[in-house]
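Novice: The structure is given below, and queries will be raised subsequently.
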Amino acid sequence: MSDRYSLLVLPGDGIGPEVMAEVTKVIDWFGTNRGMSFDISHGLVGGSSYDAHGTPLTDETMARAQAVDAVLLGAVGGPAYDNLDFSVKPERGLLRLRKEMDLYANLRPAQCFDALADFSSLKREVVAGLDILIVRELTSGVYFGEPRGIHSDDNNPDNEGGRVGINTQRYTSGEIRRVARSAFELARRRSNRVCSMEKANVMESGILWREEVQWVHDNEYPDVGLTHMYADNGAMQLVRRPQQFDVIVTDNLFGDILSDAAAMLTGSLGMLPSASLGAPMANGRPKALYEPVHGSAPDIAGQGKANPIACILSFAMALRYSFDRGDAAVELERAVERVLADGVRTADLMGPEGGTPVTTAQMGDRIVAALSQG
Ligand code: NAI
Ligand code: MG
């Protein structure tokens, strides 16, 4: 692999462009100081694309996303677009990217920075040093399965209201195996343990999930520790003793819920990065989209209040998973950690003790300064 990396930057709406401006400073720093060369192109997604082109994602931008090493996205949406037709809503732009790039593995780290351990709703000793990674299947399961819909239930006189709502949990063995492989690969680069979660006690799709994850383990990753857990117990264990986990792999629905719960163990939405990975491309790098977990935060947009760390840590994930520069990722994560340890806080990280928050741009500048101090 070369040390040239192509990036498509899609700032999006609301605070998206504000936080992305700080990521740009970080990218420039690595270009200048670490001899990495980034081919960066910019595009529109979400409401800003709708305003310019009448669609939340143009075919041209979609094609560029397919061709680059990594897409970096800010956030989409906002009240100005709430009344648009479903087909052109800002979220459709993001969903189209995920679907057409076939990004089946959604990586959601829950990492507790020591300086923020008191921010968690759990006790410091439960969360300090926490570092787990949830791998959520993103392209299948009950959010996509057929049949689905809301139908009239006319032939059932006992049904008050006369309607029925249907969704289908459907997984193929191939869909389970590929996301399991992602989890085992990731575990090998971490503490080498995977916990797979489903509800094999009550769902056939859960039985298949358990069997296929076990099959991938036994045939391809026997060196990695594998345990299975029912997802409801998993939810309890995440809150009771989260440090028992390293990598958790689970389906789309359970992953949606469990990753949100795990994220809150570590404090603010403004701190949470994510990656969505697909199959390897010809150059060996996976199709990849990196984005903060948070949305466009219209309540604080344009005020310089947004915390850019979630988006900056998403770029750290790009360094690690797309560019194979785990060393640079660690360097960036350490810089963030040091700035937080120095007490630098955006408004969302202010505790009851108060103090003066820094702006979005000041936080970005402090992180770049910490990188330079080494
Ligand atoms: P949100 O994540 O935008 O905001 C929730 C709360 O967290 C707000 O009070 C906001 O000010 C705060 N917050 C979020 N990010 C922050 C940051 N970086 N720094 C400081 N505070 C931050 O979620 P909400 O309010 O439910 O949705 C707002 C809009 O964003 C909607 O249009 C929604 O559809 C969209 N959205 C987009 C997502 C995406 O692009 N992936 C994900 C979630 C929501
Ligand atoms: Mg969710």
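Derivation of every value follows stated rules applied to the coordinates shown; laboratory data play no part. Treat the numbers as computed from the prediction; the structure is a model and nothing was measured. As a convention, Cβ positions derive from the backbone with ideal geometry for all residues, glycine included, and neighbour counts pool all protein chains shown.
Novice: With each run of n ≥ 4 DSSP H residues scored as -39500 (n - 2.57), what mean residue ellipticity at 222 nm is computed for the chain after dividing by its residue count and rounding to the nearest 500 deg cm²/dmol?
Specialist: -12500 deg cm²/dmol
Novice: Taking 0.36 nm per intervening residue step and subtracting the Cα-Cα distance, what contour gain separates Asn156 from Asp102 on full extension?
Specialist: Using 0.36 nm per residue and subtracting the Cα-Cα distance, I get 15.5 nm.
Novice: Taking the Cβ of each residue in His217, His53 as the centre, tally the other Cβ atoms inside 10 Å and list the residues starting with the fewest. All intermediate terms of the calculation are to be shown ahead of the outcome.
Specialist: Numbers: His217 20, His53 14.
Lowest count first: His53, His217.
Novice: Rank the residues Trp29, Trp215, Trp209 as a footprinting-exposure proxy: fewest other Cβ atoms within 10 Å of their Cβ go first. Kindly include the intermediate steps, with their values, before the conclusion.
Specialist: Working: Trp29 18, Trp215 14, Trp209 30.
Exposure proxy ranking, most exposed first: Trp215, Trp29, Trp209.
Novice: What FRET efficiency, computed as 1/(1 + (r/R0)^6) with R0 = 51 Å and r the Cβ-Cβ distance, is obtained for Gln237 and Asn33, rounded to the nearest 0.05?
Specialist: Rounded to the nearest 0.05, the efficiency is 0.75.
Novice: Still on this structure: Could you line up Thr250, Thr227, Thr266, Thr356 from fewest to most neighbouring Cβ atoms inside 10 Å?
Specialist: Going from sparsest to densest Cβ surroundings: Thr356, Thr227, Thr266, Thr250.
Novice: Continuing with this model, one more query. For segment 297-311 and segment 60-98, what is the centre-to-centre distance using only Cα atoms, to the nearest Å?
Specialist: Each part reduced to its Cα centre gives a spacing of 19 Å.
Novice: While we're looking at this one, here's another question. What is the magnitude of the charge dipole of segment 323-374 about its Cα centre, with +1 placed on the Cβ of each Lys and Arg, -1 on the Cβ of each Asp and Glu, and no other charges, expressed in debye to the nearest 20? Provide the component values of the computation, followed by the final result.
Specialist: Values: 5 positive and 9 negative charges, 25 e Å.
The dipole of segment 323-374 has a size of about 120 debye.
Novice: Consider all pairwise Cα distances in segment 143-250 and report the whole-number % of them above 21 Å.
Specialist: 48
Novice: Quote the FRET efficiency, to the nearest 0.05, computed for Asp118 versus Glu220 with a Förster distance R0 of 51 Å and r equal to the Cβ-Cβ distance.
Specialist: Step by step, r from the Cβ atoms, then E = 0.75.
Novice: In segment 22-56, whose amide N lies under 17 Å from the spot 7 Å out along Cα-to-Cβ of Val88? List them in ranges.
Specialist: Residues 44-56 fall inside that zone.
Novice: Can I ask one more? Under 12 Å from the Cβ of Gly295, count the other residues' Cβ atoms, weight Lys and Arg +1, Asp and Glu -1, and hand me the total.
Specialist: -4
Novice: Taking every pair of alpha-carbon atoms in the chain, what share in percent sits in each 10 Å bin, from 0 to the bin with the longest distance?
Specialist: Calculated P(r), rounded to whole percents: 5, 23, 32, 27, 11, 2, 1, 0.
Novice: Give a quick list of trypsin sites (Lys or Arg not before Pro) in segment 78-145 that DSSP marks as loop, anything other than H, G, I, E or B, with at most 11 other Cβ atoms within 10 Å.
Specialist: Passing both the DSSP loop test and the Cβ count: Lys123.
Novice: Related question: Quick check for me: using +1 on Lys/Arg Cβ and -1 on Asp/Glu Cβ, what's the dipole size of the chain about its Cα centre, in debye to the nearest 20?
Specialist: Roughly 760 debye for the chain.
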